[in-house]
Amino acid sequence: MKTLIIVSHPNIEDSVINKRWIEEIKKFPERYTVHELYKVYPDSIFDVEKEQKLIEAHGNLVLQFPIHWFNCPPILKKWLDDVLEYGWAYGSKGDHLKNRKVGLAVSAGIRVDKYGEEGKYRYSLKQLLAPFEATFLYCRADYRSFFAFYGTESEPGEHVPGTEVKTPVSKLERSAQDYLNFIDNL
């Protein structure tokens, strides 16, 4: 079965990393379905039944998003709250995520050395993403960790609009291929 990629980027047109990942994924429509929440639901009012059926029609599930205030963008949190409901995702009869392989793909925006106990922000990305792991374990899914692209503020390359971050083109292209490899090996 195809892998469903739930993308929640509030400004995908100005994105460099997430936009590039989507471009690469869309080259393989027989393997992946890209579902962009901000494009489909600009008002954040979800058709819960439609979203659940979309998940059911796919095998693996990947949530793709930029780290936003050390969490996910608000639309993804609301999607999780609305779609992963009792009786469908968890509870005595909620088994639609049971054993489904789930992963995350995140763009971190800051360098890897800024995360972790010794870093400026004191928490690793794994620690910051732990609520996602706990959520999917609670739903008895097969949580498979995350793929991350860390920012490279001081490296020359392509400018990320609205920021000082520059991403080397070769690193960006390599990340797109590594991302596909991550998805295929969930």
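Beta carbons closer than 8 Å, at least 6 apart along the sequence or on distinct chains, pair a first residue in the range 1-27 that is touching a residue at least 12 places away in the same chain (Cβ under 8 Å) with a second that is in a loop (DSSP other than H, G, I, E, B) and among the charged types (D, E, K, R) for Lys2/Glu30; Lys2/Arg31; Thr3/Arg31. Listed by first and then second residue, the pairs with beta-carbon distance under 8 Å, at least 6 apart or on different chains, first residue in the range 59-71 and more than 14 Å from Asp184 (Cα to Cα), second of a type in the set (D, E, K, R), are Asn71/Lys77. Filtering Lys171, Lys166 for residues that are charged (D, E, K, R), within 26 Å of Ile22 (Cβ to Cβ) and modelled with pLDDT of 85 or more leaves a single hit, Lys171. Looking across the range 42-74, just one residue is crowded, with 18+ Cβ neighbours inside 10 Å, part of a loop (DSSP other than H, G, I, E, B) and aromatic (Phe, Trp, Tyr), and that is Phe46. Annotation note: of Lys77, Lys39, the sole residue that is within 19 Å of Phe132 (Cα to Cα), among the basic types (Lys, Arg) and part of a helix (DSSP H, G or I) is Lys77.
Quick check: is even one residue across the range 16-29 outside any loop (DSSP other than H, G, I, E, B) and more than 21 Å from Ser175 (Cα to Cα)? Scanning the range 16-29, I find no residue that is outside any loop (DSSP other than H, G, I, E, B) and more than 21 Å from Ser175 (Cα to Cα), so the answer is no. Any residue that is surrounded by fewer than 18 Cβ atoms within 10 Å (Cβ to Cβ) and closer than 15 Å to Arg100 by Cβ - is there at least one of those in the range 2-18? Looking through the range 2-18, at least one residue is surrounded by fewer than 18 Cβ atoms within 10 Å (Cβ to Cβ) and closer than 15 Å to Arg100 by Cβ. Inspect all residues belonging to the range 58-66 and state whether any of them is touching a Pro at 6+ places or on another chain (Cβ under 6 Å) and at pLDDT below 95. The answer is no; no qualifying residue exists.
A count restricted to the range 90-114 and to residues that are out of contact with any Pro (no Cβ under 9 Å at 6 or more places or on another chain) and touching a residue at least 24 places away in the same chain (Cβ under 8 Å) stands at 16.
The values are calculated or read from the model by the stated rules, or taken from the named source; none is laboratory data. Everything numeric here is computed off the predicted structure, so don't read it as measured data. Here Cβ is always computed from backbone atoms with ideal geometry, including for glycine, and neighbour counts include all displayed protein chains.
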